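Data block below; observations after.
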Amino acid sequence: MMPIGYYLFLSMALFLIGAIGVITRRNVIVVLMSIELVLNAANINLVAFSRIFGDVAGQVFALFIIADAAAEAAVGLGIIIAFFRNRETVLEDEMDLLKW
Amino acid sequence: MLDKIIFFFFAGVAILSAAMMVTRRNAMHSAVFLITTLLATAGIFLQLRAEFIFIAQVIVYVAGIMVLFIFVIMLVSLDVAVHEMQFSRQKWVALFVTLALALEVGVMLWSSRQVPGQGFLLPNAVPAGKLPPNTEALAHGLFDAYLLPFEIASVLLLVAMVGAVVMAKKRT
Amino acid sequence: MGPQHPSTHGVLRVKLKLDGERVRGTECVIGYLHRGVEKIAENRTYQQFAPYVDRMDYVAAVSNGLGYCEAVEKLLNVEAPPRAKVIRTIMTELQRIASHLVWLGTHALDIGALTPLFYCFREREEILKIFEKYCGARLTTHAFRIGGLQYEAYDSFEKDVERFCKDFERHIQEYVDLLTGNSIWIGRTRNVGVLSAEDCIALGASGPVLRASGVKWDLRKAQPYAAYDQYKFEIPVGVNGDTYDRYMVRMEEMRQSRLICLQAIENIPAGAILGKVGKVLKPPAGEIYHSIEAPKGILGYYIVSDGTTQPYRVRIRPPSFINLQALDKMARGHLVADVVAIIGTLDIVLGEVDR
Amino acid sequence: MNPTIHPVLAFLQTWWVELVCGVVIVAVVPLVAGYLVLLERKLMADMQARLGPMRVGPHGLLQPIADALKLLIKEDIIPDHADKMIFWLAPVASMTAALTAMGGIAFGPSFLVARDINVGLLFVVGVSSMGLLGIMLGGWASNSHYSIMGSLRSTAQLVSYETAGGLALISGLLLAGTLKIRAIVAAQEQYGVWFVFLVPVAFFIYLVASIAETNRAPFDLPEAESELVAGYMTEYSGFRWACYFLGEYSNMIVVGAVATTLFLGGWLRPFPHVRWMNWLDAVPAVFTAAVGAYCVYRAGKQPVRVQVWFMWGVALMCFAVALILGVPLLAAPLKFMVPGLNGAFWFLLKISGYIYLFMWLRFTLPRYRFDQLMHLGWYILIPLAIVNVLAVGMAMILEMQYGWNRWLAMLLTTMITLAAALYLLYLNDKRAAAASLAAPPPEEPSTEDSYAG
């Protein structure tokens, strides 16, 4: 076990990289992947605190986050496939159906 | 010492490949680097003695979610898309958000140094030998204290599954 | 599916129109093995051409030879002596078994069963050994001669054939055990490549493909040639005309062929093996069509003679070529994997399709 | 002590067993996999009335080494439009996953590769399922139709059957109540019966699923020779191809080990509790000695001198093993080694039996069609596995809360699951019949008459 600050720093770095990905990328699939990265960063925090307090609750919620990430990926990719079938694109700024 | 080596190795791999993931043009490369990040994170979990989370990460994330991602990338062939512009013009927003967050965490870490004895940079964990067996402890947590969230999560998964099927189905 | 795909039995190229994995139409590109057999015939004497027919359906060379010899005999108006006829019958039936064995092995291999291939080739080896002892060649035998036989049967011919037939009953049971009741086999073959009787007749399909659709048409019964009128045998027919029925029909045909062989070796009449034909064959001008039931279907020879030693025109009706036409009809609506099974069940030999 | 050296030494001191085991896995498993291939070819040859490899070494025994050499020096082809990085990565990933999974397996009570981690069995299953990534990436990177179709099929197949296999494992794990490998075997010892007899349906489902997971016939669609040439491996050659192959055969060992651990009693000998069956402890030693004796007997009949020597060599090896297995049995001070050695023997025997079953099925059965495969997975195996998990849970409640006899409860479970299986099969048949009626071949005129002439 390292001091908790190291984990927080790692988690922050991953979170920021994920956030940058979400904001700057045009490809929706990569955006989704960046979101996974963000969730993962949160997981590191949860597990690290769970370890430091010797309480399993953090891990339980890390599990929930993993389940949530799975659900999100399934639905998100479902949307992408449906969208790709209609519009032949996966770039998010071309997803402008509502602008019509 | 060993702990340190393991941590810095995995943390380095995670951050490096996360950066690679965000910057690659090819979505498949991004996916591969994300897998690397996730595996490195799994290593961190193992270092934190959270074996079950580690294996859940490997099974659900790496062998489940990422397979799904790669599958979709293969389906929506991106030969054309690679040559298009991959980054939208929100650089400044991104930079601002990043700086703001980094500042926040930095202030927090710095300010914690002031508290003697229990700052963020001092190890104060329960010794590894005294932890209860991870899987059993987690099971008690899941099925005793957090049974309702657990059930809700399972309903969420079911809904997501149905939703995904409905959306990806061909309209006939 | 390019000409070098591992399961097209040679060099057939099939263009598939696909909707996902479902076949919407097929188109065969043939001719990779074209050698101009019919044209060659016009520059050879009747006897010289006889070995060429062996190279068409090279897994059933004896049957090809029989058809050609009988056609020329019909043109010459001579008849082979009874001994020759009986031996011809035995050889042809053995060849039928060998051909079906090759079919069964490769068909099963296409569907993914590895082992039957080796069992089939083990038995085929026995047949080829008999051929080798008889005429020295195994594959392209050139076993017969216009007017009768090239060679007298060797001493232990009957014994060899009998031993083979005795063993073969047991072996055929092995194939049945491996495949017939196997639910994967049934799943892969039943209702795959269904061809109705009307379609068969419209497409001119013949042989086991036709019989599996329920049409009881076999030239050995319908217009007996060689010595088939002397023997008792059944013509197996199918009901649904699917791949499974074709499989069952061919299996039964092997059993019947075995019975014919057993009956034939009971008494092979003594006597000459060669009818009265000259050294130089000069059939009278005219034309003739003769067809036999080759293992793969009706094999017909249409020969036009202008009175010289060389035929004016030879046209061959190869069963594989005609049966291959049914592919499109059979493959529509099935999956790509089924196309492999359907090509297998048609039992085509590209040497014969392309000639 | 020098402070910079000290942590390294400390590290080695605590972890040397694991390090040695890791090296042994990396070094030995390829050899084992190679000989597994030879064994498969020999068995296939035997079942198909032929001889198999005979040329390299006596009875082809050096064939794997020759093959490996040939693969290593073969030209390494990377297709023109392939994605180089991923093309390079994929086979390595596939192999690494399989070899890492080996680390979680215990080959006997005292031959545990990694420490008995808390999530033992899950680790093996989870890590070996990562091999799928290698298959997908490889198929995608080769940029070829056959490859990409093969890898798509493979993914769909592996995902479906991993679900079924995982659920089947849960039925067994419910009985064991733990994920630790040693504890699972201990649970079977305590129950006094292998789990395969308590949850036979789960074992059967796992058997089928594990065949599908390792891409073996009759589920070898991803590499169906007659349809897709070689599936995702079409564009691979030389060393990379060998990596895939190695991964595949290591996976066979892994699934065999998982099934053995959970369902076949791990390293327990048959009837571990029946006192008068204790003579079974002598079986390993006697068995190997008997094999050695047979080799000696046959050695005299070999026609070629090399073969005679070879037989003598095998015989001596068998005798040596018999000695190792037998001496502790007789010598009291070495008695403590007996469970470990015999355990390893039984464990390897069971894995071999499992793999032999795989091979046997491969030689016997034709291949499924892809839609049939998916139907089998989703319409039959997965529902059946779910029913089985529920039923086993019910049986355990009946046993623990209401004091039912365990065997009665388990019999009830099996009955329920079998009834469900029959119903599912009936539904499946009905669906298949309906599908064949409802699909008339659509007519579409052919554009060209290719039969002209």
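The values are calculated or read from the model by the stated rules, or taken from the named source; none is laboratory data. Worth saying up front: this structure is predicted, and the values here are computed from it rather than measured. As a convention, Cβ positions derive from the backbone with ideal geometry for all residues, glycine included, and neighbour counts pool all protein chains shown.
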Would segment D:270-292 turn up any residue that is of a type in the set (K, R) and assigned by TED's automatic domain parsing to the domain that holds D:S151? no
Residue within segment C:337-353 that is within 21 Å of the chain's Cα centre (by Cα), among the β-branched types (V, I, T) and outside any helix (DSSP H, G or I) present: yes
So, restricting to helices (runs of 4 or more DSSP H) that lie completely within segment B:1-81, which ones have at least 3 residues that are touching an Asp or Glu at 6+ places or on another chain (Cβ under 9 Å), facing chain A (nearest Cβ under 9 Å) and hydrophobic (A, V, I, L, M, F, W, C)? B:27-47
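For the structure I just gave you, tell me whether D:V254 is part of a helix (DSSP H, G or I), buried (at least 21 other Cβ atoms within 10 Å of the Cβ), within 29 Å of the chain's Cα centre (by Cα) and not small (G, A, S).
Numbers: part of a helix (DSSP H, G or I): yes; buried (at least 21 other Cβ atoms within 10 Å of the Cβ): yes; within 29 Å of the chain's Cα centre (by Cα): yes; not small (G, A, S): yes.
Answer is yes for this residue.
Kindly establish whether D:S160 is modelled with pLDDT of 80 or more and away from every other protein chain (no Cβ under 11 Å).
Details: modelled with pLDDT of 80 or more: yes; away from every other protein chain (no Cβ under 11 Å): yes.
So D:S160 passes the test.
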Would you check if B:E104 is surrounded by fewer than 19 Cβ atoms within 10 Å (Cβ to Cβ), charged (D, E, K, R) and modelled with pLDDT of 80 or more? yes
Taking the condition touching a residue at least 24 places away in the same chain (Cβ under 8 Å), within 24 Å of C:G136 (Cα to Cα), among the hydrophobic types (A, V, I, L, M, F, W, C) and in contact with a helix residue (DSSP H, G or I) (Cβ under 8 Å, 6 or more places away or on another chain), does C:L33 pass? no
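Which residue out of D:R362, D:R367 is part of a helix (DSSP H, G or I), modelled with pLDDT under 85 and either in the same structural domain as D:E40 (by TED's automatic domain parsing) or more than 13 Å from D:G256 (Cα to Cα) (or both)?
On the way: D:R367 fails: part of a helix (DSSP H, G or I).
Only one candidate qualifies: D:R362.
Could you check segment C:31-146 for helices (runs of 4 or more DSSP H) lying wholly inside it with 1 or more residues that are over 19 Å from the mean Cα position of the chain (by Cα) and among the small types (G, A, S)?
Those helices (runs of 4 or more DSSP H) span C:37-41, C:82-111.
Name the single residue, out of those in segment D:249-289 being of a type in the set (G, A, S) and modelled with pLDDT of 85 or more, that is farthest from D:S171 (Cα to Cα).
Taking segment D:249-289 as the starting set, the residues that turn out to be of a type in the set (G, A, S) are D:250, D:256-257, D:259, D:265-266, D:282, D:285, D:289.
Within this subset, residues satisfying the condition of being modelled with pLDDT of 85 or more are D:250, D:256-257, D:259.
Details: D:S250: 25, D:G256: 17, D:A257: 17, D:A259: 12 Å.
The selected residue is D:S250.
Can you go through D:G150, D:G138 and tell me which one is buried (at least 24 other Cβ atoms within 10 Å of the Cβ), modelled with pLDDT of 80 or more, among the small types (G, A, S) and in contact with a helix residue (DSSP H, G or I) (Cβ under 8 Å, 6 or more places away or on another chain)?
D:G138
Considering segment A:52-67 alone, what residues qualify as being at the interface with chain B (Cβ under 7 Å from one of its Cβ atoms) and either part of a helix (DSSP H, G or I) or modelled with pLDDT of 90 or more (or both)? I'd like the intermediate steps shown before the answer.
As a first pass, look at segment A:52-67 and keep what is at the interface with chain B (Cβ under 7 Å from one of its Cβ atoms): A:52, A:54, A:56-57, A:59-60, A:62-64, A:66-67.
If the condition is that a residue be at the interface with chain B (Cβ under 7 Å from one of its Cβ atoms) and either part of a helix (DSSP H, G or I) or modelled with pLDDT of 90 or more (or both), then A:I52, A:A57, A:Q59, A:V60, A:A62, A:L63, A:F64, A:I66, A:A67 are the ones that fit.
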When you check C:V340 against the structure, is it touching a Pro at 6+ places or on another chain (Cβ under 9 Å) and at pLDDT below 80, yes or no? no
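Go through the residues of segment A:70-84 one by one and say whether even a single one is touching a residue at least 12 places away in the same chain (Cβ under 8 Å), closer than 27 Å to A:I4 by Cβ and at the interface with chain B (Cβ under 7 Å from one of its Cβ atoms). Outline the logic, then answer.
Quick first cut of segment A:70-84, residues touching a residue at least 12 places away in the same chain (Cβ under 8 Å) only: A:72-73, A:76-77, A:80, A:83.
Subset that is closer than 27 Å to A:I4 by Cβ: none.
Within segment A:70-84 (the criterion being touching a residue at least 12 places away in the same chain (Cβ under 8 Å), closer than 27 Å to A:I4 by Cβ and at the interface with chain B (Cβ under 7 Å from one of its Cβ atoms)), the answer is no, since none of the residues qualifies.
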Could you go through segment D:373-393 and let me know if any residue there is in a helix (DSSP H, G or I), at pLDDT below 80 and not assigned by TED's automatic domain parsing to the domain that holds D:D46. no
How many of the residues making up segment A:26-44 are of a type outside the set (S, T, Y) and free of Cβ contacts under 8 Å to residues at least 24 places away in the same chain? 4
Residues of segment B:82-101 satisfying the condition of being at pLDDT 60 or above and facing chain A (nearest Cβ under 8 Å): B:F87, B:S88, B:Q90, B:K91, B:V93, B:A94, B:V97, B:T98, B:L101
With respect to the numbered conditions (1) within 13 Å of another protein chain (Cβ to nearest Cβ); (2) surrounded by fewer than 24 Cβ atoms within 10 Å (Cβ to Cβ); (3) under 30 Å from B:I35 (Cα atoms); (4) in contact (Cβ under 8 Å) with a residue 60 or more places away in the chain, which one is the sole condition not fulfilled by D:A176? (3)
Scope segment D:299-329; condition at pLDDT 80 or above and among the β-branched types (V, I, T); matching residues: D:V314, D:V321
